[in-house]
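Working notes, beginning with the structure itself.
The values are calculated or read from the model by the stated rules, or taken from the named source; none is laboratory data. Worth saying up front: this structure is predicted, and the values here are computed from it rather than measured. Heads up, the Cβs are rebuilt from the backbone with ideal geometry, glycines too, and the neighbour counts pull from every protein chain shown.
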Amino acid sequence: MNHLKKIAVFASGSGTNAENIIRHFSGSKTSTVALILTNNPKAGVIERAKNAGTPYVVFSRTDFYESDAVIKILQHHQVDFIVLAGFLWLVPQKLILAFENKIINIHPALLPCFGGKGLYGTHVHRAVIASRALLSGITIHYVNDKFDEGEIIFQAACHLSKDDTVETLASKIHELEYRYFPTVIEKVVNHG
């Protein structure tokens with residue numbers, strides 16, 4: 001019997017991607033979402049974790065950047081892999097080293113365009129529309145010590161129409177996230 005790989009999902013917001021990932025792995029014989037971590041005590045992801053029966057931990061900026069508290073939590077839960085799903089803080093070097101090539105993120109645009117500090121959520125979609133780009137999409141990438149600059153694993157694109165708004169583009173991007181993120185995670189976790 002193979003060891004069930006344990007995934008920790010970090011999220012800062014509503015947690016729709018986290019919930020989709022939990023659902024995807026709920027019947028898996030190879031991997032499971034063992035833990036949800038959030039830096040936001042009011043995040044919707046907490047309610048989603050509770051509803052799914054998935055343990056969750058809320059941590060502070062001090063826990064994350066000035067101590068090993070988060071690494072210790074991950075080790076305690078025997079986490080093998082970390083997924084960032086709408087997590088807005090830059091991952092510190094010590095966590096990257098502790099989980100080398102075992103942290104992936106999803107970005108709601110086609111990197112290397114529209115990435116970097118401050119470009120998340122609706123800010124990304126607004127920038128894409130303002131640029132008059134014909135395509136946007138999602139990028140799933142390994143995490144390094146800079147925002148959105150890790151090695152790209154997977155991209156999927158969608159067309160923009162001249163009528164697209166931040167909301168309609170966000171909806172197209174969410175559809176891509178829900179469709180591809182869990183299966184890409186599964187491939188990386190099981191073959192990475």
Count of residues meeting criterion [of a type in the set (A, V, I, L, M), out of contact with any helix residue (DSSP H, G or I) (no Cβ under 6 Å at 6 or more places or on another chain) and over 18 Å from Asn20 (Cβ atoms)] in the stretch 148-192: 3
Residues of the stretch 169-183 classified as surrounded by 16 or more Cβ atoms within 10 Å (Cβ to Cβ) and either in contact (Cβ under 8 Å) with a residue 60 or more places away in the chain or polar (S, T, N, Q) (or both), total: 6
Meets criteria (loosely packed, with under 14 Cβ neighbours inside 10 Å and under 21 Å from Ile21 (Cβ atoms)) for Gln93: no
Strands (runs of 3 or more DSSP E) within the stretch 98-192 that include 1 or more residues of a type in the set (Gly, Ala, Ser) and over 23 Å from Ala8 (Cα atoms): 135-142, 152-159
Residue match in the stretch 74-82 (condition: under 18 Å from Glu149 (Cβ atoms) and under 16 Å from the mean Cα position of the chain (by Cα)): yes
Answer residue from the stretch 110-133, given it is among the aliphatic types (A, V, I, L, M) and touching a residue at least 40 places away in the same chain (Cβ under 8 Å) and is surrounded by the most Cβ atoms within 10 Å (Cβ to Cβ) among those: Val128
Meets criteria (on the phi < 0 side of the Ramachandran plot and in contact with a helix residue (DSSP H, G or I) (Cβ under 6 Å, 6 or more places away or on another chain)) for Val128: no
Residue match in the stretch 77-89 (condition: free of Cβ contacts under 8 Å to residues at least 60 places away in the same chain and surrounded by fewer than 18 Cβ atoms within 10 Å (Cβ to Cβ)): no
Test set (1) surrounded by fewer than 18 Cβ atoms within 10 Å (Cβ to Cβ); (2) under 30 Å from Lys6 (Cα atoms); (3) in contact with a helix residue (DSSP H, G or I) (Cβ under 6 Å, 6 or more places away or on another chain); (4) modelled with pLDDT of 95 or more - Asp145 fails condition number: (4)
Some residue of the stretch 46-58 being touching a Ser or Thr at 6+ places or on another chain (Cβ under 6 Å) and either closer than 26 Å to Thr122 by Cβ or aliphatic (A, V, I, L, M) (or both): yes
Neighbours by Cβ (under 7 Å, 6+ apart or cross-chain): first from the stretch 44-65, small (Gly, Ala, Ser); second surrounded by 13 or more Cβ atoms within 10 Å (Cβ to Cβ): Gly44/Gly13; Gly44/Ser14; Gly44/Gly15; Ala49/Ile36; Ala49/Tyr56; Ala52/Glu19; Ala52/Ile22
Close pairs from the stretch 149-168: first of a type in the set (Gly, Ala, Ser), partner surrounded by fewer than 14 Cβ atoms within 10 Å (Cβ to Cβ), Cβ under 8 Å, at least 6 apart: Ala156/Arg179; Ala157/Leu135
